[in-house]
Amino acid sequence: MNTTTRLIVSGALFLLTLLSGVWLSHSGKPYSTLIFTIHKLIALGTVIFIGISAFNLYKALGAQAFVELSVIVVTGLLFLALFVTGALLSIFDAPPGIVLKVHQVVPLLSLATSILSLYLLAKGIKAV
Ligand code: HEM
């Protein structure tokens, strides 16, 4: 798969994750098992796809990509926060409000850092 296709598929998967999350949120509590499973699986698929794409691009760039690596690490931590807060939202009937706030704001931050890391990596590959 070439870099442009990877970027398009990453964006499409991310959009599906956001839309399924909003769908789940609108369906209310108790969460529909079907929508919850769809949201979780799409989120997992998105993270795996973006992770593999970033890893392959990073490998092709070599050890010089320090800035890229730091943005990738930040993105990984943001995704981790989404999985942890997503699990807390589903386990507890009334989790502290901050948990939902984090799960609403971090998707936008992780979208920004994902775009930035794939962009930096793709630009680096072109320059090599
Ligand atoms: C890439 C990872 C993820 C992203 C970008 C993401 C994004 C979102 C978004 C945008 C919402 C809608 C928030 C709202 O409109 O109020 C949402 C809701 C939700 N997500 Fe995720 N999510 C991710 C992973 C997960 C995972 C792994 C789980 C479960 C383990 C999960 C569980 C939930 C739950 C339970 C809600 C409903 C919250 C509510 O009651 O409003 N999410 N997600």
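Structure summary
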{"quantity": "Residues satisfying the stated conditions in the range 33-67, i.e. over 16 Å from L89 (Cα atoms), within 10 Å of the ligand (Cβ to nearest atom) and of a type in the set (S, T, N, Q)", "calculated": "T46"}
{"quantity": "Flag if A54 is modelled with pLDDT under 95 and over 13 Å from S117 (Cα atoms)", "calculated": "no"}
{"quantity": "Out of T3, T17, T33, sole residue that is polar (S, T, N, Q) and under 10 Å from the mean Cα position of the chain (by Cα)", "calculated": "T17"}
{"quantity": "Selection count where residues are near the ligand (Cβ under 7 Å from one of its atoms), exposed (fewer than 15 other Cβ atoms within 10 Å of the Cβ) and aliphatic (A, V, I, L, M), scope the range 1-32", "calculated": "1"}
{"quantity": "Residue in the range 59-72 that is on the phi < 0 side of the Ramachandran plot, touching a Gly at 6+ places or on another chain (Cβ under 7 Å) and of a type outside the set (D, E) present", "calculated": "yes"}
{"quantity": "Any pair with Cβ under 6 angstrom, 6 or more apart, that starts in the range 93-114 at a residue that is touching a residue at least 60 places away in the same chain (Cβ under 8 Å) and open to solvent by less than 30 Å² (accessible area, probe 1.4 Å) and ends at one that is assigned to a helix (DSSP H, G or I) and more than 7 Å from the ligand (Cβ to nearest atom)", "calculated": "S114/I50; S114/T75"}
{"quantity": "Residue match in the range 40-57 (condition: among the basic types (K, R) and under 12 Å from the mean Cα position of the chain (by Cα))", "calculated": "yes"}
{"quantity": "Lone qualifier among L77, L88, L121 - being surrounded by 15 or more Cβ atoms within 10 Å (Cβ to Cβ) and over 18 Å from H39 (Cα atoms)", "calculated": "L121"}
{"quantity": "Condition met for S117 (touching a residue at least 40 places away in the same chain (Cβ under 8 Å) and in a helix (DSSP H, G or I))", "calculated": "yes"}
{"quantity": "Any hit, the range 9-17, residues being farther than 24 Å from I125 by Cβ and touching a residue at least 40 places away in the same chain (Cβ under 8 Å)", "calculated": "yes"}
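The values are calculated or read from the model by the stated rules, or taken from the named source; none is laboratory data. Note that the coordinates shown come from a computational prediction; the quantities given were computed from them, not determined experimentally. Quick reminder, even Gly has a Cβ in these numbers, built from the backbone with ideal geometry, and neighbours come from all protein chains shown. Heavy atoms of the whole protein, side chains included, go into the accessibility calculation; ligands, DNA and RNA do not. Shrake-Rupley method; radii C 1.70, N 1.55, O 1.52, S 1.80 Å.
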